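Structure first, commentary second.
The values are calculated or read from the model by the stated rules, or taken from the named source; none is laboratory data. Quantities reported herein were computed from a predicted structural model and do not represent experimental measurements. Glycine also receives a Cβ, built like all others from the backbone with ideal geometry; neighbour counts cover every protein chain displayed. The accessibility values were calculated without ligands, DNA or RNA, using every heavy atom of the protein model including side chains. Shrake-Rupley method; radii C 1.70, N 1.55, O 1.52, S 1.80 Å.
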Amino acid sequence: MHIHNNYPLGDLNTFGIRVFAREFARVSSEEDLYPLMDHPAIRHGRHLVLGGGSNMLFTDDFDGVVIQMATTGKQVTGEEDGKVFLEVKAGESWDGLVAYCVDRGWGGLENLSLIPGQVGASPIQNIGAYGVELREYFHSLTALDKRSRERSTFTAADCRFGYRNSFFKQEGKDRYIILSVTYRLDTRPVIRTRYGQLADELAKTGNALPTISDVRQAVCRIRRSKLPDPEVLGNAGSFFKNPVVSTNFFRQLKERHPGVIAYPEGDRMKLAAGWLIEHAGWKGYRQGDAGVHDKQALVLVNHGKATGKEMLQLASAIRQSVYEKYNITLQPEVNIIN
Ligand code: FAD
Ligand code: EPU
């Protein structure tokens with residue numbers, strides 16, 4: 001396998017930040033990973049696993065080895081009453097997988113249509129959208145432990161999924177390379193339309209009995225109407241997580257800001273960070289090429305040549321202003337690579 005020096009990452013991150021990796025390797029077979037683990041920079045130095053680069057902000061050139069997973073393949077590994085188990089290699093496109101499942105009538109992932117990135121990253125932050133989280137259709141994954149070089153299997157319980165969170169963002173951070181993910185899909189799909197905007201979009205079609213294909217199309221229409229296409233405008237989706245607060249805190253906040261939007265999350269409330277940022281005056285803001293999307297204030301955008309540091313400065317200013325206005329500290333969802 002070829003290791004490139006001084007490799008441009010501008011096209012490999014959806015923010016379009018023009019940085020370079022000191023070394024870069026694209027891994028298209030799992031066998032290639034084992035010799036790579038002997039590379040001095042991996043044994044002793046910095047390295048980073050890159051999927052589709054859709055949840056990353058590079059703030060500088062990367063002084064180490066970037067490993068991009070490009071392994072492909074899907075395999076049915078089991079079937080039981082009403083379920084099919086599909087094992088998918090890490091480098092497969094996430095939305096390609098969703099389309100594949102919908103085409104076969106296998107339900108579960110359709111609400112997660114059009115999320116950019118790869119299968120290998122899907123468990124890292126337990127991707128979620130339109131009322132569904134990955135964990136609901138996740139069965140297990142295999143990963144290579146970079147320290148021991150052993151391959152292990154993680155069940156859903158091992159992954160400790162939470163809202164935009166998992167073991168791989170906590171104790172397991174930077175330790176594993178996810179090789180494949182097995183999903184448990186419904187062969188008798190259940191339509192999930194709890195999310196208000198999705199229900200409204202489906203209602204517009206007048207179709208009282210939507211299929212998973214109808215749900216996929218509706219989700220794609222909603223997403224295209226408000227989220228910027230990274231091919232056109234650099235971004236990494238929501239920059240911050242939606243803050244989860246106590247009902248008490250929420251009540252007090254609502255007294256001061258009656259319009260604030262929130263949804264129950266267990267016995268707590270999840271606040272719409274986009275609303276907080278918009279009402280702190282940031283929607284559509286632009287400084288140089290770093291900006292806030294004019295249709296979705298939770299999405300920071302690169303209008304062209306913003307640097308990662310400029311994007312980060314903007315994020316810090318938003319964070320500070322949201323703290324001053326609402327006494328809430330926003331946490332980034334995007335992985336910031338220093
Ligand atoms: P990357 O950005 O390349 O990596 C993300 C993290 O995963 C990094 O820490 C990386 O080191 C690690 N990683 C990647 N692959 C592996 C691997 N094989 N093994 C170990 N670690 C790995 N997210 C949502 O949850 N819901 C949404 O609705 C959503 N909408 C989005 C819309 C847009 C327009 C954009 C640009 C992003 C959106 N995202 C959303 C965020 C992003 O698409 C997801 O987090 C996605 O799963 C990231 O996949 P990726 O392959 O691009 O990962
Ligand atoms: N809102 C505003 N102003 C804004 C943006 C949003 O008032 O500028 C309001 C909306 O009107 C709506 C509420 O906030 O009432 C929620 O907005 P939206 O439905 O767009 O969802 P979100 O909470 O902003 C979350 C995820 C998205 C996911 C959507 C749909 C997080 C951090 N973000 O966004 O995920 O696609 O819900 O489920 O949880 C991502 O993670 O990158 C991402 C895009």
Looking only at region 175-199, and only at residues there that are touching a residue at least 40 places away in the same chain (Cβ under 8 Å) and closer than 19 Å to Ile42 by Cα, the one that is surrounded by the fewest Cβ atoms within 10 Å (Cβ to Cβ): Leu179
What number of residues within region 111-150 satisfy the criterion of being of a type in the set (A, V, I, L, M, F, W, C) and within 16 Å of ligand 2 (Cβ to nearest atom)? 9
Subset of region 60-71, residues assigned to a loop (DSSP other than H, G, I, E, B) and either among the aliphatic types (A, V, I, L, M) or in contact with a Ser or Thr (Cβ under 8 Å, 6 or more places away or on another chain) (or both), comes to Ala70, Thr71
Of all residues making up region 5-35, the number that are at pLDDT 90 or above and farther than 30 Å from Ala290 by Cα: 7
Within region 159-174, can you find the residues that are more than 27 Å from Ser28 (Cβ to Cβ), surrounded by 15 or more Cβ atoms within 10 Å (Cβ to Cβ), out of contact with any helix residue (DSSP H, G or I) (no Cβ under 6 Å at 6 or more places or on another chain) and among the charged types (D, E, K, R)? Arg164
Every residue in region 97-109 that is in contact with a helix residue (DSSP H, G or I) (Cβ under 9 Å, 6 or more places away or on another chain), within 25 Å of Leu50 (Cβ to Cβ) and not in a loop (DSSP other than H, G, I, E, B), please. Leu97, Val98, Ala99, Cys101
I'd like to verify a number: residues in region 226-241 that are modelled with pLDDT of 95 or more and either in contact with a His (Cβ under 9 Å, 6 or more places away or on another chain) or open to solvent by 40 Å² or more (accessible area, probe 1.4 Å) (or both), how many? 10
Quick check on region 269-286: of everything there that is open to solvent by less than 10 Å² (accessible area, probe 1.4 Å) and outside any strand (DSSP E or B), which residue is nearest to ligand 1 (Cβ to nearest atom)? Ala273
Quick one: is Leu276 over 30 Å from Gln320 (Cβ atoms) and of a type outside the set (Ser, Thr, Tyr)? no
Taking region 131-146 and keeping only residues that are closer than 19 Å to Leu198 by Cα, in contact (Cβ under 8 Å) with a residue 60 or more places away in the chain and part of a strand (DSSP E or B), one is left with Val132
Would region 74-89 turn up any residue that is within 22 Å of the chain's Cα centre (by Cα) and either aliphatic (A, V, I, L, M) or part of a loop (DSSP other than H, G, I, E, B) (or both)? yes
Quick one: in region 243-268, which of the residues that are aliphatic (A, V, I, L, M) and part of a strand (DSSP E or B) is most open to solvent (accessible area, probe 1.4 Å)? Val244
